[in-house]
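Below is one structure, written out as structure tokens, with a few remarks after it.
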């Protein structure tokens, strides 16, 4: 099964897709990467793809210089939805899906970083991806933007500081603000790229946040990985019956 994978930010997909990429590969499918930073054109024909994943990144949907790109990406997302093909969004990807359906994406005035307690909503109990999971999850976050829910979306997971953490739109479109796919190696790469030495960040605070996250990986990573494997496997099952070739 071929899955279109969009990288709108600066990440290296095969290395930084984490558990998402590993589960896709383990089930015999493949991600086909399209990078904005490489100037890759977004495909016009999606017949060969069974599903779409929009990954995270350090850019903002509301950046005026990126408006043409995110408008094109919005059209692509809506095309997948119109053909009833599953869509998954991670962090920036969740924001891009919300934007594609008319919801506001905005700065949240602080960086939410590290493992964060998130609560499943009542609606999650009957959701195909969330049913049977523990009602509270500790999942990794790294974002400075947030989003409003699109019209008709169902909130599935919420946080104290940033309420909208996971949602479903229709039956097979899912957005996750958190980065449940990561491991310590991935976050170390992100820290070097975006936080350490960044003149716009308080470096003492950065050091404290990183130290806390390193400790929390010991406590929470096993559970986070189980959550990620469960959710991604269940999402892939929404596309697998379509009979696409591997």
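A short reminder: the numbers here are calculations on the coordinates, not readings from a lab. Computed from a prediction, not measured in an experiment: that's the story for all the values here. Because the Cβ atoms are built from the backbone with ideal geometry, glycine has one as well, and the counts that use them run over all protein chains shown.
Taking square-rooted eigenvalues a ≥ b ≥ c of the alpha carbon gyration tensor, is segment 59-116 rounded, prolate or oblate, where a/c under 1.5 means rounded and, failing that, a/b exceeding b/c means prolate?
Numbers: a/c = 2.64, a/b = 1.44, b/c = 1.84.
Oblate, since a/c reaches 1.5 and b/c is not below a/b.
Quote to one decimal, in nm, the extra length available between residue 208 and residue 134 on full extension: 0.36 nm per residue of separation minus the C-alpha distance between them. Provide the component values of the computation, followed by the final result.
Working: separation 74, 0.36 × 74 = 26.64 nm, distance 2.88 nm.
Full-extension gain reported as 23.8 nm.
Find the relative contact order for the chain and round it to a whole percent, using C-alpha pairs within less than 8 Å whose residues are 6+ positions apart.
22
If you build the Cα gyration tensor of segment 85-143 and take the root of 5 times each eigenvalue, what three semi-axes come out, in whole angstrom, biggest first?
The answer is 22, 18, 10 Å, longest axis first.
Using bins 5 angstrom wide from zero, how does P(r) for the chain break down, in % of all Cα pairs?
Final binned percentages: 1, 6, 15, 19, 21, 18, 12, 6, 2, 0, 0.
By DSSP, what percent of the beta bridges with both residues in the chain are antiparallel, rounded to the nearest 5?
Antiparallel bridges make up about 55 percent of those DSSP assigns within the chain.
Can you give the calculated 222 nm mean residue ellipticity of the chain, where each DSSP H run of n ≥ 4 adds -39,500 (n - 2.57) and the sum is split over every residue, rounded to the nearest 500 deg cm²/dmol?
So the helix-based figure for the chain works out to -10500 deg cm²/dmol.
So how long is each side of segment 1-75 along the principal axes, counting just the alpha-carbon atoms, biggest first, in Å?
Dimensions of segment 1-75 along the principal axes of its Cα atoms: 39, 26, 17 Å.
Which of 147, 110, 217, 115 has the fewest other C-beta atoms within 10 Å, and how do the rest follow up to the most? Walk me through the numbers before you get to the answer.
Details: 147 25, 110 10, 217 18, 115 21.
Ascending Cβ contact count within 10 Å gives the list 110, 217, 115, 147.
Note down the nm distance, to one decimal, between modelled labels 7 Å out along Cα→Cβ at residue 12 and at residue 110.
Taking the two extended label points, one gets 3.4 nm.
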